[in-house]
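The values are calculated or read from the model by the stated rules, or taken from the named source; none is laboratory data. Bear in mind the structure is a predicted one, so any value in this text is a computation, not a measurement. Positions of Cβ are generated from backbone atoms using ideal geometry, with glycine treated the same way; all protein chains shown enter the neighbour counts. Heads up: the accessible areas ignore ligands, DNA and RNA and are worked out on the full protein's heavy atoms, side chains in. Shrake-Rupley method; radii C 1.70, N 1.55, O 1.52, S 1.80 Å.
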Amino acid sequence: IFIFIQDFSKAMSQAGSSQFQEVIRQELEYSMKVELDKILATAHSNEIEHTKKDLEGFKKLFHRFLQEKGPSVDWGKIQRPPEDSIQPYEKIKARGLPDNIASVLNKLVVVKLNGGLGTSMGCKGPKSLIGVRNENTFLDLTVQQIEHLNKSYNTDVPLVLMNSFNTDDDTKKILQKYSHSRVKIYTFNQSRYPRINKETLLPIAKDVSYSGENTECWYPPGHGDIYASFYNSGLLDNLIAEGKEYIFVSNIDNLGATVDLYILNHLMNPPNGKRCEFVMEVTNKTRADVKGGTLTQYENKLRLVEIAQVPKAHVDEFKSVSKFKIFNTNNLWIALSAIKRLQEKNAIDMEIIVNPKTLDGGLNVIQLETAVGAAIKSFENSLGINVPRSRFLPVKTTSDLLLVMSNLYSLNAGSLTMSEKREFPTVPLVKLGSSFTKVQDYLRRFESIPDMLELDHLTVSGDVTFGKNVSLKGTVIIIANHGDRIDIPAGALLENKIVSGNLRILDH
């Protein structure tokens, strides 16, 4: 059996008979069950219930992983969505707002996906606690936005954070500082699933603990886990009992994802009288977004197609900006009653994302994940809304951080808006090299954030620092060769310049 398991993928491709494949599948499922039972047996009495739920959820996902083979979409069935299934935002905004917008707002809950760590930006702890603007963190800005809404309309819109086992403790400690703000804050935790060895397809964890050397054995299974975790936490039922009807879900690092009253009104008071259960905000692709998931029509349903699901032969077609013009911002509006109904019927269908990782010790593992937007096809009367690019302002890297810290944006009540002084509404393309990857290194290299109002493109590579009050305009490329250092002096104006290793400044 062990050899079978090790050569699982080879055996699967070579096996002539489906019967043989079925035997292998059953053996793998049985071996997995044995290992998971061993892990569960190590849980303390107060951990048993939620560990059991987590492992049951994982078992279902693993079962589906063994059943499914190859890309999960049949390319021939993909069609362009019907005209009315993706509405332009302008049309929705043109309807205006009713007088009773406060009563509509009181039916809303804001949910932020807060499971991620700041490791990609060289930070320990939750990403939401990284300072992004005037000492304010992602979480500070979110709370300020909702508080402003509640004060302006005298409403009670709560904030719900979906944490992971990685972010829960640190986030809860910080929440005390908002105890006097006018926002009720709730949290619930994502599931915790075991990583599996790529060769044996068995868990690498030997017990339930996830501290010390065991931290690498477990992972949060992607934001598609929101439906089950939200339901299992009991919070979903409590919010429905309070009269809440919709959640607005977004990534906590998307600073453009603020509550939009026009979209909310469209949901609560649909022009045709038929409410949508699921709305996905999409926006037009640029060259930077070619890998983003796109909305298509598939078997008479709106369906989110991600690059991982596309057969290799069609990847270039998928990336085409002319054929697939829009991508998913992961700003989603979902009816609470629909989540409850589908969750109770076990009817939420999301494609499995197989995420390969190499651990610090060199071990190859896989994580089975799902994405929240992939569930769109399980809901009734779904809709895409093509929103302005300003609603998609994610901060994934220090290059993004530079943009949101700069004078391109002004901050008002927790919301960033592009400065009116910028002549055109697109964001400059910024590429900072590896010396800027970690937030603390990045901050050290800027005495103050440059004036970027007239910048089109900035590339910085190597050991470069910026003095105070530098202005960057047009296209600026700064490249310090290995072993060299370039210090841009205070007050410098660089307009369409190339600055190279020996501090020669050339016109671009």
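Summary table below
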read-out: Separation of alpha-carbon centers, region 131-183 and region 417-449, rounded to whole Å; value: 25 Å
read-out: Most to least accessible of His266, His457, His148 (protein chains only, probe 1.4 Å); value: His148, His457, His266
read-out: Mean accessible surface per residue for region 396-498, computed with a 1.4 Å probe while every protein chain stays in place, in Å²; value: 49 Å²
read-out: Placed amide H near Ile385: partners under 5 Å, 5+ positions off or other chain; value: Gln87, Met280, Glu281, Val282
read-out: Relative frequency of Cα-Cα separations exceeding 17 Å in region 112-189, percent; value: 44 percent
read-out: Ratio of the Cα radius of gyration of region 184-307 to 2.2 N^0.38 Å, where N counts its residues; value: 1.39
read-out: Accessible-area ranking of Ile185, Ile252, largest first, probe 1.4 Å; value: Ile185, Ile252
read-out: Share of carbon and sulfur in the accessible heavy-atom surface of region 396-498 [1.4 Å probe, %]; value: 49 percent
read-out: Net charge of neighbours whose Cβ lies under 12 Å from the Cβ of Val365, counting Lys and Arg as +1 and Asp and Glu as -1; value: 0
read-out: Whole-Hz ³J(HN,Hα) from phi, Karplus 6.51 cos²θ - 1.76 cosθ + 1.60, for region 99-109, glycine and proline x; value: 5, 9, 4, 5, 5, 5, 4, 5, 8, 9, 10
read-out: Accessible heavy-atom area order of His314, His44, highest first, probe of 1.4 Å; value: His44, His314
read-out: Compactness index (Cα Rg / 2.2 N^0.38 Å), region 290-445; value: 1.29
read-out: Equivalent ellipsoid, region 380-419 (semi-axes from 5 times Cα gyration tensor eigenvalues, Å); value: 26, 13, 9
read-out: HN-Hα J in Hz across region 430-444 - Karplus 6.51, -1.76, 1.60, θ = phi - 60°, x for Gly and Pro; value: 10, 10, 9, x, 5, 5, 10, 4, 7, 4, 5, 5, 4, 5, 5
read-out: Region 229-293: translational diffusion in µm²/s, Stokes-Einstein, Kirkwood Rh over Cα pairs, 37 °C, 0.692 mPa s; value: 224 µm²/s
read-out: Using alpha carbons only: equivalent-ellipsoid semi-axes of region 78-215, gyration tensor based, whole Å; value: 35, 24, 14
read-out: Reciprocal of mean inverse Cα separation for region 443-486 (Kirkwood radius, Å); value: 11.0 Å
read-out: In Å², nearest 10: area of Lys206 left accessible to a 1.4 Å probe; value: 140 Å²
read-out: In Å², nearest 10: area of Ser461 left accessible to a 1.4 Å probe; value: 50 Å²
read-out: Inter-part distance where region 79-124 and region 454-501 are each reduced to a Cα centre, Å; value: 37 Å
read-out: Hydrodynamic radius of region 396-498 per Kirkwood, over alpha carbon pairs, in Å; value: 13.9 Å
read-out: Helical mean residue ellipticity (222 nm; -39500 (n - 2.57) per DSSP H run of 4+; nearest 500) of the chain; value: -8000 deg cm²/dmol
read-out: In Hz, Karplus ³J(HN,Hα) per residue of region 198-210 (6.51, -1.76, 1.60; θ = phi - 60°; x = Gly, Pro); value: 5, 7, 8, 6, 10, x, 8, 6, 10, 8, 7, 5, 10
